[in-house]
1. Just to check I understand the Karplus step: with θ = phi - 60° and J = 6.51 cos²θ - 1.76 cosθ + 1.60, what whole-Hz values come out for segment 51-60, glycine and proline as x?
2. Amide H to amide H under 5 Å from R210: which residues, 5+ apart in sequence or cross-chain, H placed 1.01 Å off N in plane?
3. Under 5 Å between amide hydrogens, which residues at least 5 positions from R172 or on another chain qualify, with H placed 1.01 Å from N in the peptide plane?
4. For P164, what is the net charge nearby, where nearby means another residue's Cβ is under 14 Å from its Cβ and Lys, Arg count +1, Asp, Glu -1?
5. With θ set to phi - 60° and the Karplus curve 6.51 cos²θ - 1.76 cosθ + 1.60, what are the ³J(HN,Hα) couplings of segment 333-338 in order, to the nearest whole Hz, using x for Gly and Pro?
6. Taking the number of other C-beta atoms within 10 Å as the exposure measure, put I218, I291, I343 in order starting with the fewest.
7. Can you give me the long-range amide H partners of N241? Hydrogens built in the peptide plane at 1.01 Å from N, cutoff under 5 Å, separation of 5 or more residues or another chain.
8. Would you mind ranking R222, R210, R338 so that the residue whose beta carbon has the fewest other beta carbons within 10 Å leads the list?
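Derivation of every value follows stated rules applied to the coordinates shown; laboratory data play no part. What you see is a predicted model, and the numbers here were worked out from it, not measured in a lab. Cβ atoms come from the backbone with ideal geometry, glycine included; neighbour counts cover every protein chain shown.
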Amino acid sequence: MHFTTKSASMALSALALAGCASFFPSIGPTRHGIEHQEAEASIPPIPVIDVNEDVTRRLVARRTRLLFSEVLSTRPDQLLPMGKGDFLTVTIWEAAPATLFGSVQLDPRGIPAPALATTLPEQPVDGEGCITVPFAGRVPAAGKTLPEISAEIKRRLMGKANQPEVLVLQSRNLSSSVTVVGEVTTSTRVPLTATHERLLDALAIAAGVRQPVNKTTIQLTRGDAVHSLPLETIIKDPRQNIALQPGDVVTALYQPLSFTALGATGKNEEISFETQGITLAQALARSGGLIDQRSNPKGVFIFRLEPKSRQAPGEPAPPAAADGLIPIIYRVDLRDPRSLFWIQSFPVQDKDVLYVSNAPVWELQKFMNLLFTLAYPVQTGLQLR
């Protein structure tokens, strides 16, 4: 009787100690602690959003990237215009007996050649966008195609040369080029030609990217517009391999995206994923899934920092982080069979924290283990008396 009373007293004492939340070691907050946050008067609690079909659809739509084929012109100019700094050569033919650009050439029979060709020295398009042709003066060239320049020279020579024909060729292309920089083997300028080089052509000329394809994003800057796509998307979808235009800047970016798995999962660590992105279902699988003995399927949470603009209207805002983002918690109940469909679409973002809380029965098991640890030495000592 004395032993029983003493053991019961010890059990009650241990239970009282166990009631203190800080007494037990824990991997993190409980599901109840997350859902019922004790907020200070001046600091609103962090919003907890239940993942359902509407929330998943909204997040998927927000994550969708605009494709290059949707926002950038994919039809290249048939003829590239010349620009300042380009080098041109001008060849002029005249019907015999022409003497404007050269002397009359006679064949062995003493008959003038039917047509004479004169090639002028190579010259650049100057700072004013012009080239100089004898007897034609300063001819505008910048912004005009080669046939347009030829036609203008011919028009100016009519009445001065005998039946002139003009051919203008670009000997050096310095204005119609694309710049390729970033995580490529060789940063370079790629002159554009009549073949209309495409995005992957420019990357190939730069000797390819230095990082894995699934970790590389391609950013294309055209004028004031900046758009980006994963390199995998460009390779898989030929429509995204758009024709480049003069002045484009192609930047290969290495983006090592990752999320952190914590709590009652198979492994607690930072896990990287591809630029294409992954879903919550894939994230759970890569983190080893839920531990059957200790995880709470109703306590699967995604901790995320999002722009304040995405906060629900009228909802008090929690304190923002240093970069202006606000914390949001998404909650998933895996006991709901429908959630297994939702998590196949729910997008995981870079720097997300995936947390799985302990099941209540596991906390009870920890208490029982503690109770046994405290009671067993006492019981053993009493038996030895």
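1. These are the phi-based 3J(HN,Hα) values: 7, 9, 5, 5, 4, 5, 5, 5, 5, 5 Hz.
2. Here V184, T185 satisfy the definition.
3. Residues meeting the criterion, in which the H sits 1.01 Å from N, are F87.
4. Values: positive: K154, R155, R156, K160; negative: E94, E152, E165.
It works out to a net charge of +1.
5. Result, ordered by residue: 9, 6, 6, 7, x, 5 Hz.
6. Ascending number of Cβ neighbours within 10 Å: I291, I343, I218.
7. Amide H neighbours of N241: none.
8. By the 10 Å Cβ count, ascending, the order reads R338, R210, R222.
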